[in-house]
Amino acid sequence: MADQRTDTDVVDELTTDHREALTLLDRIGASSDPGERRDLADTVIAEVVRHAVAEEMFVYPAMRDHLPDGEQAVKHDIEEHKELEEVMKQLEAVDAGEPRFDSLLKNMTDLLRHHATDEETEQFPQLRERIPRDELVTMREKVDAAKKVAPTRPHPSAPNSELFHKLAGPGVGLVDRLRDRLTNRTTG
């Protein structure tokens, strides 16, 4: 039996990320335990940040090169990432028992659902039409590697350029993980 990881491409990977993040957000909404809600929120924030960094590093350049409206689509998606990062930064700072937590959670869910729908219905099918499968699989491998070293916290004030994420992103992620270890905070 073939290794499932070698059979998946970047579209499969990113679509799975969207589904998992939205499922975690639903679990937070269904929980009444503030500790569990905080832990789940921290986990989903870390995963969405990793996903966004990897996407900006490897998927957006491919979108620019291969989609007819690639530059405009990337600008739109980066704007959505910035909005998500800002909401996640606010969500990180709010106690899970506060009413504002629920409004931020709803805002994050709405933003992520909209972003995922745009990508999955418009951009991802175009990537599959225009990029050979072996390149999409290689892109998935790069995205996986990037997610392992990406930051685990939203940094909305940091530049969202490809260069920043390639050079500074892994260092920022390392600092985040060291801080997590020192404070016994887990992010999944």
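No lab work stands behind these numbers, since they all come straight from the coordinates. Just so we're clear, the structure is a prediction, and the values are computed from it rather than from any experiment. Here the Cβ is made from the backbone with ideal geometry for all residues, glycine too, and neighbour counts use every protein chain on show.
Straight-line cross-link partners of Lys106 among the aspartates and glutamates, defined as a Cα under 13 Å from its Cα and at least 8 positions apart when in the same chain: Asp26.
In terms of its C-alpha gyration tensor, the range 1-81 comes out oblate, because a/c is 1.5 or above while a/b does not outweigh b/c.
Towards the positive end of the charge dipole of the range 77-139, with charges on Cβ (+1 Lys, Arg; -1 Asp, Glu), say which of Ile131, His81, Leu105 has the farthest Cα. Of the listed residues, the answer is Ile131. Quick check on the range 66-126: take the gyration tensor over C-alpha atoms, sort the square-rooted eigenvalues as a ≥ b ≥ c, and tell me if it's rounded (a/c under 1.5), prolate or oblate. Judged from the Cα gyration tensor, the range 66-126 comes out prolate (a/c at least 1.5, a/b above b/c). Report the net charge of residues surrounding Glu47, where surrounding means a beta-carbon distance below 9 angstrom and charges are Lys +1, Arg +1, Asp -1, Glu -1. Charge balance in the 9 Å sphere: 0. The Ser103 and Arg19 beta-carbon pair, evaluated with R₀ = 22 Å, returns a calculated FRET efficiency of approximately 0.40.
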